[in-house]
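What follows is one structure encoded as structure tokens, with my remarks underneath.
The values are calculated or read from the model by the stated rules, or taken from the named source; none is laboratory data. Note that the coordinates shown come from a computational prediction; the quantities given were computed from them, not determined experimentally. Cβ atoms come from the backbone with ideal geometry, glycine included; neighbour counts cover every protein chain shown.
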Amino acid sequence: MGLLITLGGIPIVLHAGAPDQSDNPLLGESVVRLSGGEGVKMTHWAKAAGSITGQGWMPPGLDGLDYSQPLELRLTLQESVVSEGRAVALTSRPRPDKDPWAMALVGMEWVETDCTVDVDGTGAAVATAGLVVGATRYMVAWLPVYNVFASKPPKNLSTGVGQFGWTINWEEI
């Protein structure tokens, strides 16, 4: 069985609609100008935000969640980092039910390779792609899991075609 998006432990099944997902940066940043007019970007914090929408034969079943509390969100929208080196710091926590994977660019083709994940001294996850002879770049990919705040999703029903529509907006804590 394939992986499903889950919110608060509730899986969103395909009968609720094949979900469209977005994962957008939510940044506390600004550009400041030095005395010569040169711009310098200052980033104070970075989080993720996004939405999940779908239309299907049944509602997603998320009405019973306590939206006043943080919820765990497991996405199926992959994140990835391409690097000249084999070791890559993951920019979010990977889902525990799907290990990160890696590929190596050999010539103009991406080929699969091994991937291991370790935690460094700061608690950050670092993935290492297996060595591939002739590789010029490595890519590590994973499915993220976030602790989020979300609001109870607005819903609609088209009785003419028998479809339920819904949208979940979320922000990482």
Yes or no: region 60-67 includes at least one residue that is modelled with pLDDT of 95 or more and within 30 Å of residue 126 (Cβ to Cβ).
no
Residue match in region 105-114 (condition: modelled with pLDDT of 95 or more and closer than 19 Å to residue 147 by Cα)
no
List the residue pairs whose Cβ atoms are under 7 Å apart, where the first residue sits in region 16-32 and is under 19 Å from residue 145 (Cβ atoms), the second is at pLDDT below 95 and among the aliphatic types (A, V, I, L, M), and the two are 6 or more positions apart or on different chains.
25/46
Starting from region 155-173, take each residue that is assigned to a loop (DSSP other than H, G, I, E, B) and list its partners that are of a type in the set (Asp, Glu), counting only C-beta distances under 8 angstrom and pairs at least six apart or across chains.
none
Give me the pairs: first residue in region 114-132 and more than 10 Å from residue 87 (Cα to Cα), second residue modelled with pLDDT of 95 or more and assigned to a loop (DSSP other than H, G, I, E, B), beta-carbon distance under 7 Å, and six or more apart or on different chains, which are they?
114/130; 125/90; 131/86
Restricting attention to region 76-92, and to residues there that are touching a residue at least 24 places away in the same chain (Cβ under 8 Å) and in contact with an Asp or Glu (Cβ under 7 Å, 6 or more places away or on another chain), which single residue is surrounded by the fewest Cβ atoms within 10 Å (Cβ to Cβ)?
77
The conditions are (1) of a type outside the set (Asp, Glu); (2) at pLDDT below 95; (3) surrounded by 14 or more Cβ atoms within 10 Å (Cβ to Cβ); (4) in contact with a Lys or Arg (Cβ under 6 Å, 6 or more places away or on another chain), and residue 6 fails exactly one of them. Which is it?
(2)
So, residue 98, is that one assigned by TED's automatic domain parsing to the domain that holds residue 51, in contact (Cβ under 8 Å) with a residue 40 or more places away in the chain and either surrounded by fewer than 17 Cβ atoms within 10 Å (Cβ to Cβ) or more than 22 Å from the chain's Cα centre (by Cα) (or both) or not?
no
Would it be correct to say that residue 103 is in contact with a helix residue (DSSP H, G or I) (Cβ under 8 Å, 6 or more places away or on another chain) and not hydroxyl-bearing (Ser, Thr, Tyr)?
no
